[in-house]
Amino acid sequence: MTDSIRDLLRITADRAATYLETLDQRGVGPTPEAVARLSELDEPLPDAPSAPEHTLAVLDEIGSPATMAISGRRFFGFVIGGSVPAALAANWMAGAWDQNAGLRVASPIAAKLEEVALRWLLDILKLPGTAAGAFVTGATMANFTALAAARHAVLAKAGWDVESNGLFGAPPITVIVGAEAHPTLFRSLSMLGLGHQRVVKVPVDDQGRIIASQFPEISGPTIVCTQAGNVNSGGFDPIAEICQKAHAAGAWVHVDGAFGLWANATPNRAHLTAGVADADSWATDAHKWLNVPYDSGLAFIRDPESLRSALRLTAAYLPESDTREPSQFTPELSRRARGTEVWAALRSMGRSGIADLIERNCQFATRFAEGLSAAGYTILNDVVLNQVVVTFGNDESNKRVIAGIQQEGTCWCGPTHWRGQSAMRISISSWATTAEDVERSLAAMLEVADEVRVP
């Protein structure tokens, strides 16, 4: 039995380091045997305490083999990044601190790190320097947070206080989205009482981008939702043109940039984000291309007062001050200090390190597309970012190839449905992926696909 917390954390560090060091020696996905062992966790609640290292041993020995190797180099599913070393270390430190980041008085360090990280984020993403920011769980809550501010602003302009009076009797809000908007955007609209079926959907082109010439006329309170980085194609809506049309009619423009917003961090991809800074709010994930641990989403709002008004929380025991009070910018009061990891990732990589990460991932996507195309398989998207959508033939062939790749274990890719047909999606998002990993994964993909190919 350990004698101190230091000993326990040392054991934890050793186990965690071993896990990371041995990831390359196993398949990216867990084996059926490892998943089957999870049933051993179905035990009754213990009657008595036990040594913490015994619980840690169970967690590692049963849990570690049943993980998906997301923190490894060849996980290409779901647009998920790994964790850069500084962010992982900061996550451990923040866990030891055990801070409630909702209140400055409860954690001066968490509040300060958020302030600094927010300033750096607005800089590297090329967004207005005076915008407000919220550190939330992921893109769903980032969209929710930004759209709450949008709902407040468009109804306040119409003379309605939605926070006090709700939506009953309120002027109707028109929500305009692209036909390829991400499902989490619709979830956010539903939670805000704006509905996901009453939206106006604008037709899109073959890359999922809104066709600006088919944009509807705008009148009354209106929120326009655009997309920076389609989850399949990586394509960007013509945001500059949309902002011009929408703002001329007094509408609010929101950008869902879960991963695509980070294209602004590298000079070679910044042209894709033309007009993004003209919008009124933005949502992105830090656990995607910034490569920090889960969970970490970010919302930015041009007008800080719209966000504060939408989410303001008052209570006799809560402090108020002239400085940024974190709880006034997020839906949650109590929350973990996720800004710590964001700050650590930004500080450790710096401007050039982040640009290099984004650019390398995009170049790797191009290499995958070239290799698969040269072998006779069809790439369904213009590879402009880190996304590749490939089909190996019909639905049955795609299913068999994807299952074979996942079972073979060199890398992991998932299925998708794009432009009316099934396909496999490759998302390169990790700082750790190398050119060697790409070639090794490409070879494995082609070997499986060639075995499945019907003469």
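The values are calculated or read from the model by the stated rules, or taken from the named source; none is laboratory data. Everything numeric in this text was worked out from a predicted model, so none of it was measured. We place every Cβ from the backbone using ideal geometry, glycine too, and count neighbours over all the protein chains shown.
Selection within the stretch 3-33: residues that are polar (S, T, N, Q) and modelled with pLDDT of 95 or more. The member of this set that is nearest to Arg73 (Cα to Cα) is Thr22. For the stretch 239-289, the set of residues classified as part of a loop (DSSP other than H, G, I, E, B), under 10 Å from the mean Cα position of the chain (by Cα) and farther than 16 Å from Arg360 by Cβ consists of Gly257, Ala258, Ala286, His287, listed by residue number. Looking at the stretch 38-60, is at least one residue within 30 Å of Glu408 (Cα to Cα) and in a loop (DSSP other than H, G, I, E, B)? Within the stretch 38-60, one or more residues are within 30 Å of Glu408 (Cα to Cα) and in a loop (DSSP other than H, G, I, E, B). Of the residues that make up the stretch 94-101, is at least one in contact with a strand residue (DSSP E or B) (Cβ under 6 Å, 6 or more places away or on another chain), buried (at least 22 other Cβ atoms within 10 Å of the Cβ) and part of a helix (DSSP H, G or I)? No, that holds for no residue. As a summary of the residue check, Gly193 satisfies the conditions (1) assigned to a loop (DSSP other than H, G, I, E, B); (2) in contact with a Phe, Trp or Tyr (Cβ under 6 Å, 6 or more places away or on another chain); (3) over 25 Å from Val384 (Cβ atoms); (4) of a type outside the set (Asp, Glu) except for the one numbered (2).
Contact map, the stretch 341-370: residues that are under 16 Å from Arg119 (Cβ atoms) paired with residues that are of a type in the set (Asp, Glu) and buried (at least 24 other Cβ atoms within 10 Å of the Cβ), Cβ distance under 9 Å, separation 6+ or inter-chain. Pairs shown: Val342/Glu114; Trp343/Glu114. When the criteria are applied in full, Asp303 meets the requirement of being modelled with pLDDT of 95 or more and among the acidic types (Asp, Glu). Has the stretch 411-426 got at least one residue that is part of a helix (DSSP H, G or I) and aliphatic (A, V, I, L, M)? No, that holds for no residue. Quick check: is even one residue across the stretch 83-92 surrounded by fewer than 24 Cβ atoms within 10 Å (Cβ to Cβ), within 15 Å of Gly297 (Cβ to Cβ) and of a type in the set (Gly, Ala, Ser)? No, every residue in the stretch 83-92 fails to be surrounded by fewer than 24 Cβ atoms within 10 Å (Cβ to Cβ), within 15 Å of Gly297 (Cβ to Cβ) and of a type in the set (Gly, Ala, Ser).
Please determine whether any residue of the stretch 204-223 is assigned to a loop (DSSP other than H, G, I, E, B), among the basic types (Lys, Arg) and in contact (Cβ under 8 Å) with a residue 40 or more places away in the chain. No, the stretch 204-223 contains no residue that is assigned to a loop (DSSP other than H, G, I, E, B), among the basic types (Lys, Arg) and in contact (Cβ under 8 Å) with a residue 40 or more places away in the chain.
Restricting the first member to the stretch 431-452 and to residues that are closer than 16 Å to Val390 by Cβ, and the second to residues that are outside any helix (DSSP H, G or I) and not basic (Lys, Arg), the beta-carbon pairs closer than 7 Å and six or more apart or on different chains are Ser441/Thr410; Ser441/Cys411; Ala444/Thr410; Ala444/Cys411; Leu446/Ala375; Ala449/Tyr377; Ala449/Phe392; Val452/Phe392.
Scanning the stretch 417-436 for residues that are more than 23 Å from the chain's Cα centre (by Cα), modelled with pLDDT of 95 or more and surrounded by 14 or more Cβ atoms within 10 Å (Cβ to Cβ) yields a single hit, Ser422.
When we screen Ala142, Ala146 for residues that are among the aliphatic types (A, V, I, L, M), in the same structural domain as Trp252 (by TED's automatic domain parsing), touching a His at 6+ places or on another chain (Cβ under 6 Å) and at negative phi, the only hit is Ala146. Number of residues in the stretch 290-332 that are among the aromatic types (Phe, Trp, Tyr) and either surrounded by 19 or more Cβ atoms within 10 Å (Cβ to Cβ) or not in a loop (DSSP other than H, G, I, E, B) (or both) equals 2. Just so you know, in the stretch 129-170 the residues that are polar (S, T, N, Q) and in a helix (DSSP H, G or I) include one that is farthest from Arg312 (Cα to Cα), and it is Thr140. Of the residues screened, Ile62 is one that is of a type outside the set (S, T, N, Q), surrounded by 15 or more Cβ atoms within 10 Å (Cβ to Cβ) and free of Cβ contacts under 8 Å to residues at least 40 places away in the same chain.
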